[in-house]
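These notes are about the structure you will find just below.
The values are calculated or read from the model by the stated rules, or taken from the named source; none is laboratory data. Please read these numbers as outputs of a predicted model, since none were measured by experiment. Glycine also receives a Cβ, built like all others from the backbone with ideal geometry; neighbour counts cover every protein chain displayed.
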Amino acid sequence: MMKSIIETKDVRFRYPDAGQDAPLVLDGVSLSIEEGSFVAVLGHNGSGKSTLAKNMNAIYLPSGGTVYVDGIDTADEGRLMEIRRTVGMVFQNPDNQIVANVVEEDVAFAPENLGVEQEQLRLRVDQALALVGMSKYAKHAPHLLSGGQKQRIAIAGVIAMEPRCIVLDEPTAMLDPIGREDVLRTITRLNREKGITVVIITHHMDEAARADRLVVMDHGKVIADGHPKEVFQRVEELTAVGLTVPETVGLLDQLRQEGIDVPLDALSVEECAEAIFKAFG
Ligand SMILES: Nc1ncnc2c1ncn2[C@@H]1O[C@H](COP(=O)(O)OP(=O)(O)OP(=O)(O)O)[C@@H](O)[C@H]1O
Ligand SMILES: [Mg+2]
């Protein structure tokens, strides 16, 4: 059996300032994130994605239910450091995550605060920068870098903590297409080569399509959970909760409505082209 690195059990959440009659922002979320997996979370604005992310490393504690990180209850205050070391968090705006004036100092910041010794620290910073493909910028000023590069520095800063899981909340939302691809490729490499579990929240269907598992949220509930190929076939359901499907699936869906026999699970452009070619061949 695969091991869960994060487990949420019937998690309910209400913001304290919202009042007792405010609707639950998370309403019974039970998810088990397998160690080593690459999970994408999709959902309309306000569906509770960021709130869920923040419940995954004890930034927030659930109002009801339980979250376990590597088996540790996130409500266990005495083990907060372990929890934060196990699950690292990357946010949308790279500018808010950069704390130093030199790239390598920025990457060193969190592990140094954790008390990692200088020699180890050097090693970790070098490795983290190499992993995100930013070694040659070690001595540069972060504010002069592009958005995508800054976000990779932010990811390196998290990686230098040697987490087993990273949760990224719309890490590409502020980036141009090149920066987006760079960041996505970096995240994929961390997952495939280092076995780091990835949970990525995104509004981009093409990013979600690259995950091993896709979780769809609506009004604080998980309404779909499965392989992207399977979840994206539920075109009507997704449309009903304000989401679109990838262009490939949209096209295949239209063809099917015209009575053309194509599969709905040809997600990549190559697969989609091949499926259409076959249908007309
Ligand atoms: N600090 C807060 N205090 C009170 N309510 C909040 C707070 N943060 C978020 N909310 C509310 O909780 C709900 C879920 O918000 P959340 O940010 O988790 O959604 P989201 O899925 O991440 O949305 P988006 O796609 O816009 O990032 C929304 O209705 C939002 O208005
Ligand atoms: Mg959000």
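When Ile276, Ile223, Ile200, Ile260 are checked against the criterion of being of a type in the set (A, V, I, L, M), surrounded by fewer than 21 Cβ atoms within 10 Å (Cβ to Cβ) and within 16 Å of ligand 1 (Cβ to nearest atom), a single residue qualifies: Ile223. For the stretch 180-195, does any single residue satisfy the condition of being without any contact (Cβ under 8 Å) to a residue 12 or more places away in the chain and over 22 Å from the mean Cα position of the chain (by Cα)? Within the stretch 180-195 (the criterion being without any contact (Cβ under 8 Å) to a residue 12 or more places away in the chain and over 22 Å from the mean Cα position of the chain (by Cα)), the answer is no, since none of the residues qualifies.
Residues in the stretch 214-224: is at least one under 18 Å from the mean Cα position of the chain (by Cα), under 30 Å from Lys9 (Cα atoms) and modelled with pLDDT under 95? Among the residues of the stretch 214-224, not one is under 18 Å from the mean Cα position of the chain (by Cα), under 30 Å from Lys9 (Cα atoms) and modelled with pLDDT under 95, which makes the answer no.
Do we find that Gly28 is assigned to a strand (DSSP E or B) and either closer than 30 Å to Thr244 by Cβ or more than 15 Å from ligand 1 (Cβ to nearest atom) (or both) in this structure? So Gly28 fits the description; yes. Filtered by the rule that a residue be within 9 Å of ligand 1 (Cβ to nearest atom) and either within 13 Å of the chain's Cα centre (by Cα) or without any contact (Cβ under 8 Å) to a residue 24 or more places away in the chain (or both), the stretch 34-44 gives Val41, Gly43. Looking only at residues of the stretch 130-153 that are crowded, with 22+ Cβ neighbours inside 10 Å and in contact (Cβ under 8 Å) with a residue 40 or more places away in the chain, we find that the one that is farthest from the chain's Cα centre (by Cα) is Pro142.
Do the conditions hold for Glu104, that is, is it out of contact with any strand residue (DSSP E or B) (no Cβ under 7 Å at 6 or more places or on another chain), buried (at least 20 other Cβ atoms within 10 Å of the Cβ) and of a type outside the set (Lys, Arg)? It is true that Glu104 is out of contact with any strand residue (DSSP E or B) (no Cβ under 7 Å at 6 or more places or on another chain), buried (at least 20 other Cβ atoms within 10 Å of the Cβ) and of a type outside the set (Lys, Arg). Of the residues making up the stretch 115-135, those that are more than 26 Å from Val183 (Cα to Cα) and either of a type in the set (Asp, Glu) or in a loop (DSSP other than H, G, I, E, B) (or both) are Gly115, Val116, Glu117, Glu119.
Considering Asp95, Asp17, Asp106, Asp21, the condition of being in contact with a helix residue (DSSP H, G or I) (Cβ under 8 Å, 6 or more places away or on another chain), at pLDDT below 95 and away from ligand 2 (no atom under 16 Å from the Cβ) is satisfied by Asp95 alone.
Put simply, of Gln127, Gln92, Gln120 the only residue that is surrounded by fewer than 20 Cβ atoms within 10 Å (Cβ to Cβ), within 16 Å of ligand 1 (Cβ to nearest atom) and not small (Gly, Ala, Ser) is Gln92.
Has the stretch 211-219 got at least one residue that is in contact with a Cys (Cβ under 7 Å, 6 or more places away or on another chain) and surrounded by 13 or more Cβ atoms within 10 Å (Cβ to Cβ)? Scanning the stretch 211-219, I find no residue that is in contact with a Cys (Cβ under 7 Å, 6 or more places away or on another chain) and surrounded by 13 or more Cβ atoms within 10 Å (Cβ to Cβ), so the answer is no.
Yes or no: the stretch 63-83 includes at least one residue that is within 12 Å of ligand 1 (Cβ to nearest atom), in contact (Cβ under 8 Å) with a residue 12 or more places away in the chain and crowded, with 18+ Cβ neighbours inside 10 Å. Checked against the condition, which is being within 12 Å of ligand 1 (Cβ to nearest atom), in contact (Cβ under 8 Å) with a residue 12 or more places away in the chain and crowded, with 18+ Cβ neighbours inside 10 Å, the stretch 63-83 yields no hits at all.
Meeting the requirement of 1 or more residues that are under 29 Å from Asp126 (Cβ atoms), the helices (runs of 4 or more DSSP H) wholly within the stretch 159-271 are 177-194, 205-208. Of all residues in the stretch 31-66, those being under 24 Å from Thr172 (Cα atoms), in a loop (DSSP other than H, G, I, E, B) and away from ligand 2 (no atom under 14 Å from the Cβ) number 5.
Within the option set Val231, Val216, being touching a residue at least 60 places away in the same chain (Cβ under 8 Å) and of a type outside the set (S, T, N, Q) holds for one residue only, Val216.
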